[in-house]
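Read through the structure below, which is laid out as structure tokens, and then see the notes.
The values are calculated or read from the model by the stated rules, or taken from the named source; none is laboratory data. Just so it is clear, the model here is predicted, and its values are computed rather than measured. All Cβ positions, glycine included, derive from the backbone under ideal geometry; neighbour counts span all protein chains shown.
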Amino acid sequence: MAEVCLSPVPFPVCVQAASFLTTTVYVKRVDDRRLCYYPEAVADCTMPSDLSINNGFYPVVANATEGLSIHGEAYLDSTYVGTNYTVGTHVKTLYVRGTVDTQIVVDSENATVGGIDALEYATVNSVIVLQPNVRLTNLRAQTILFPDGIEPGACQLVNVTTNSPVQIAPKTNGVDVDLNNAYFDNVRGNYIALLHHAGTVNSSNTDILWLPRQSSSNDVAVLSANNGSNLNVARLTGIFGQQYQIEQAAGSIVYVNKQAENLFNLLLIPSIVLLGAIVFSGLDFTTEDE
């Protein structure tokens, strides 16, 4: 039998203990204690069947103080007026609702940023990721930037639409960016460009261009599923990472010979659909690795 959704702490502390997704806390007085009931109070719990006032339950708006919850959650909507919003280390989940005219800077490791669910995408100007293992989900943004030289680690982009390519690259040549266990699912609007990554990247319904630094490596791979495609530039041309140079702008590949110049002009334009029609249609990239 499922456990009842009874908060481990009484009112009024229970209001701050509730998740930001909890809109109402139901309070019932039993003897000299005011007990709180709300979804997610305990794992896999069930709310009481009769939450009426006649049964002793009084509804209270959760998180009415707009303070941070003890779960490390924060909430962002159109009422925010700043040009930048920083997800600090004390925030592990940032819920974004509607359209917010701001740039989000994610400076918290293992943080999740995005809309409430897949049916309610949130829209922001841009997102800058500064820490590893960040998850962006149910989100629309003009640009998503991983500054050159950071280690994204097992980052995740799930149900994301962006107008500009998402580019991940080292700051200097001769090194690799750790992307082991990174995951990209349903990234739309543009493609993902990976320059000199290390580890295995998994993706689904996402187009990825990638250039390994070494001519052969057992620990570098990009695996695609469903409608996703990935193109190993080195395998296509025989030109590997060390034969390119890297600009300061993350992910930009500049040429050192005529063949690379032609490739540069082909790849780094925001027309992955056209590129896919030319290259992806004739090749099977269901499981592509180096």
*Test Thr99 against the stated conditions and say whether it is crowded, with 17+ Cβ neighbours inside 10 Å, more than 17 Å from Leu179 (Cα to Cα), in contact (Cβ under 8 Å) with a residue 12 or more places away in the chain and among the polar types (S, T, N, Q).*
no
*Within the range 1-11, is there a residue that is in a loop (DSSP other than H, G, I, E, B), surrounded by 14 or more Cβ atoms within 10 Å (Cβ to Cβ), of a type in the set (Phe, Trp, Tyr) and modelled with pLDDT of 90 or more?*
no
_Odd one out for Ser108, checked against (1) outside any loop (DSSP other than H, G, I, E, B); (2) surrounded by 13 or more Cβ atoms within 10 Å (Cβ to Cβ)_ = (1)
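Do the conditions hold for Asn181, that is, is it under 18 Å from the mean Cα position of the chain (by Cα) and part of a strand (DSSP E or B)?
Numbers: under 18 Å from the mean Cα position of the chain (by Cα): yes; part of a strand (DSSP E or B): no.
Criteria not met by Asn181.
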*asked:* Among the numbered criteria (1) farther than 26 Å from Leu209 by Cβ; (2) touching a strand residue (DSSP E or B) at 6+ places or on another chain (Cβ under 7 Å); (3) of a type in the set (Ser, Thr, Tyr); (4) part of a loop (DSSP other than H, G, I, E, B), which one does Thr89 miss?
replied: (2)
*asked:* Taking the conditions exactly as written (of a type in the set (A, V, I, L, M), modelled with pLDDT under 90 and within 21 Å of Tyr121 (Cα to Cα)), does Leu76 satisfy them or not?
replied: yes
*Could you tell me which of the residues Ile150, Ile128, Ile208 is in contact with a Leu (Cβ under 7 Å, 6 or more places away or on another chain), hydrophobic (A, V, I, L, M, F, W, C), surrounded by fewer than 23 Cβ atoms within 10 Å (Cβ to Cβ) and assigned to a strand (DSSP E or B)?*
Ile128
